[in-house]
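Here the structure comes first, spelled out in structure tokens, and everything after it is commentary.
The values are calculated or read from the model by the stated rules, or taken from the named source; none is laboratory data. All values reported here derive from a predicted model rather than from experimental measurement. With ideal geometry, Cβ positions are generated from the backbone for all residues, glycine too; neighbour counts draw on all protein chains shown. Accessible surface is based on the protein model in full, side chains and every heavy atom, while ligands, DNA and RNA are left aside. Shrake-Rupley method; radii C 1.70, N 1.55, O 1.52, S 1.80 Å.
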Amino acid sequence: MHPELFTLFGFPVRAYGAFMTLAHLAGIALFLRTLRGRELGPYIDLMIATVIAGLVGARLGYALVHRDEFTNPWRLLALDRGGLAFFGGLALAFPAFCLVLRRHRLPIFATADLVSPIVAFSLGLLRIGCFLQGCCYGAPTELPWAVVYGDAHGEVPPALSRMPLHPTQLYEAAFLFALSCALFRARARAPGHVQENFAPGSLATAFILAYASYRFVMDFLRADLERGFLGLDWLAPTQAAALVALLAVPVAIRKIRA
Amino acid sequence: MKNLLKLSALAGISFAMIVFGACSGKKDENGKMSGGGSFTATVNGTAYTATGSVSGSGETRVVTLTATDANTATATSTATH
């Protein structure tokens, strides 16, 4: 749609990279606003650790599923060529999140509840970057709101660039903004600490379950995913990861609480 | 002061993310193509041999068609996509 936004000192700034930066800065600003009146040091450590672990996990998660693209290991460092997977990021960011909080003796579940609406909001912003970049594109459709990428097709293959496609990135952005609003509202109804109205971890669990359910269902509309995972010709790796999250997260949280 | 430095580092990491390309990777090559074939035909008593080949990688495909008659006169047509 608009894969290259502008050039900066001769380097092309792509929509995905620009929105990645925007999403992180917005997330940091919202989290700092949430933390007003608290000692910031441990939470800044938390943000640094989870952001780095999340990026490394997202990159490794993508490489694990697309091993054929990474026959040369140095390709892992070619970040400008793309390749990140949300569930891979979650798989490394969550342990890093727990480790930093434990080190600073801060509550894991209550903090996860603070972070969840912000993560949903930032991820929604990132999906707008995906839309402009042309990654995460949808399958062809005749629906009136379908989009045609045309010449500025970015990651959309030329064969699909002239066809009307589901704007799956905008569907996901709309879902994530709505989910973020719902989580912010639920948190606002419990002044001070979430525990007063909900068991700690409820909002974080709701976020992960809602997002994993969304991805499992709506990834059927995406045309960029390679299907055939685990021998099932309809299953994409992201859907398998969503199923694992749907099954594992409630069990893990129950075990940690016990 | 220490927090300010850490926040600056965090903002620096966020700004560095501007280099990211996309969430799906761009493959080094979309598969290499090569191959071809030939056939012969006789038109008004003259035999012609036509050969075709295709090559290229990434998003570039070069298709070449060559027709040769018995006197080895050759006509070549190349199309690049």
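Computed quantities for the displayed model
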| item | result |
| --- | --- |
| Hey, A:Gly57 buried (at least 22 other Cβ atoms within 10 Å of the Cβ) and either within 12 Å of chain B (Cβ to nearest Cβ) or assigned to a strand (DSSP E or B) (or both) or not | no |
| Selection status of A:Asp80, within 14 Å of chain B (Cβ to nearest Cβ), among the charged types (D, E, K, R) and over 26 Å from A:Ala245 (Cα atoms) | yes |
| Candidate set: the stretch A:9-31, residues that are more than 8 Å from every other protein chain (Cβ to nearest Cβ) and farther than 13 Å from B:Phe20 by Cβ; chosen: the one surrounded by the most Cβ atoms within 10 Å (Cβ to Cβ) | A:Gly27 |
| Entirely in the stretch A:107-220, the helices (runs of 4 or more DSSP H) that have 3 or more residues that are touching a strand residue (DSSP E or B) at 6+ places or on another chain (Cβ under 9 Å) | A:108-133, A:168-188 |
| Filter result for the condition that a residue is open to solvent by less than 40 Å² (accessible area, probe 1.4 Å) and farther than 29 Å from A:Arg14 by Cα, over A:Ala186, A:Ala182, A:Ala206 | A:Ala186 |
| Test: residue in the stretch A:73-80 that is open to solvent by 20 Å² or more (accessible area, probe 1.4 Å) and of a type in the set (Phe, Trp, Tyr) | yes |
| Among the residues listed as A:Leu5, A:Leu64, A:Leu90, the single one being modelled with pLDDT under 90, open to solvent by 30 Å² or more (accessible area, probe 1.4 Å), touching a strand residue (DSSP E or B) at 6+ places or on another chain (Cβ under 6 Å) and not in a loop (DSSP other than H, G, I, E, B) | A:Leu5 |
| Filter result (assigned to a helix (DSSP H, G or I), without any contact (Cβ under 8 Å) to a residue 60 or more places away in the chain and open to solvent by less than 50 Å² (accessible area, probe 1.4 Å)) within the stretch A:231-245 | A:Gln239, A:Ala240 |
| Filter result (open to solvent by 30 Å² or more (accessible area, probe 1.4 Å) and either within 9 Å of chain B (Cβ to nearest Cβ) or assigned to a loop (DSSP other than H, G, I, E, B) (or both)) within the stretch A:32-54 | A:Leu32, A:Arg36, A:Gly37, A:Arg38, A:Glu39, A:Leu40, A:Asp45, A:Ile48, A:Ile52 |
